[in-house]
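Worksheet for the structure shown next.
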Amino acid sequence: MTVNLDTIGINRNESILKIANVNPVYATEDEKISKVADKIVSSKHRRIPIVNKKEEVVGLITTMDILDAFLRRANFNDKISEIMIREVITASSEDTISSVLQRLKVSRRGGFPVVRLKRLVAIISERDF
């Protein structure tokens, strides 16, 4: 199924920040797994970025990562950095909607953080489209 974004008011050449969530829910790398799991549940997001003290993206955690930790009987008092995904695909705040759509398709991910100079500025997901 092909969707013509212009017909729904989305210009492919605009900045991704036009449609991204610029107030993303995130966690810090030293938060407990249990606290981050609560953030995911309360925010109703399937993934949230993990940042360091400089607010640079250092990881990502998904609902499936939390479920996997639970099934492995991980200690939910451990830091989220113990189970987070460290190789994170990101978008730049300078990227166009078109280029991010292509990255979503190629990466087969449902979304990823948007960064400016490594710092988290937004998050984009298929829901935003």
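The values are calculated or read from the model by the stated rules, or taken from the named source; none is laboratory data. Not measured: the values here are computed from a predicted model. Here the Cβ positions follow ideal geometry from the backbone for every residue, glycine too, while neighbour counts run over all protein chains shown. For the accessible areas, the whole protein counts, side chains as well, though only heavy atoms, and no ligand, DNA or RNA atoms are used. Shrake-Rupley method; radii C 1.70, N 1.55, O 1.52, S 1.80 Å.
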Considering only residues that are open to solvent by less than 50 Å² (accessible area, probe 1.4 Å) and either assigned to a helix (DSSP H, G or I) or at positive phi (or both), which ones fall in the stretch 90-110? 97, 98, 99, 100, 101, 104, 107
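Could you identify the single residue in 87, 82 that is open to solvent by 80 Å² or more (accessible area, probe 1.4 Å) and more than 23 Å from residue 126 (Cβ to Cβ)? Spell out the reasoning first.
Details: 87 fails: more than 23 Å from residue 126 (Cβ to Cβ).
Going through 87, 82 in turn, the sole match is 82.
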Here the residues within the stretch 8-55 that are closer than 16 Å to residue 120 by Cβ, surrounded by 14 or more Cβ atoms within 10 Å (Cβ to Cβ), in contact (Cβ under 8 Å) with a residue 40 or more places away in the chain and charged (D, E, K, R) are 29, 31, 47, 55
